[in-house]
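Written out below as structure tokens is the structure these notes cover.
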């Protein structure tokens, strides 16, 4: 909650400094978009934290941490399919290095 509060304050401060506050006010009046924001902000962290705690409970911490570090890997596929982004070698190399690093951190 503290992270969310300070993140919101920082976001609003950036909007004020970049003089984009009217755009934020306009977006806040879009009821359908705000409904999606509220739903995703409630269920996203709850589901993510609940599943990560379940992973730690039912497996070793190293395995659970490696699974939780899969986010960069799993985000590549939707980015390529939905956003039509081309997956470059640099991104694959970065994901590979990060996964090896997490795995080695818990194996040692």
_Where a label projected 7 Å from the Cα of residue 98 along Cα→Cβ would reach, residues of region 26-49 with amide N under 19 Å_ = 45, 48-49
_Ascending count of other beta-carbon atoms within 10 Å, so fewest first, for 106, 11, 89_ = 89, 11, 106
*For residue 68 and residue 31, FRET efficiency with R0 = 35 Å and r from the beta-carbon atoms, rounded to 0.05?*
0.55
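How high is the relative contact order of the chain, given as a whole-number percent (alpha carbon pairs under 8 Å, six or more residues apart)?
20
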_Helix-only [θ]222 nm of the chain, DSSP H runs n ≥ 4, -39500 (n - 2.57) each, per residue, nearest 500_ = -27500 deg cm²/dmol
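Using a 10 Å cut-off on Cβ atoms, rank the peptides 38-45, 68-75 from the highest mean neighbour count down.
Highest mean packing first, the order is 68-75, 38-45.
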*asked:* So I have (1) -0.49, -0.93, -1.00, -1.18; (2) -0.70, -1.14, -1.15, -1.16; (3) -0.37, -0.98, -1.09, -1.43, and one of them is log10 I(q)/I(0) by the Debye sum over Cα atoms at q = 0.12, 0.19, 0.20, 0.23 Å⁻¹ calculated from this model. Which one is it?
replied: (2)
*Rounded, prolate or oblate: which fits region 59-108 when a ≥ b ≥ c are the square roots of the eigenvalues of the alpha-carbon gyration tensor, with rounded for a/c under 1.5 and prolate only if a/b beats b/c?*
oblate
*Please give the helix 2-17 orientation as an angle from the longest Cα principal axis of the chain, in degrees from 0 to 90, rounded to the nearest 10.*
50
*Rounded if a/c is under 1.5, else prolate if a/b beats b/c, else oblate: with a ≥ b ≥ c from the C-alpha gyration tensor eigenvalues square-rooted, which is region 1-49?*
oblate
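Read the figures in this text as sums done on the coordinates, not as results from a lab. Model, not experiment: these values are computed from the prediction. Neighbour counts run over all protein chains shown; Cβ positions are idealised from the backbone, glycine included.
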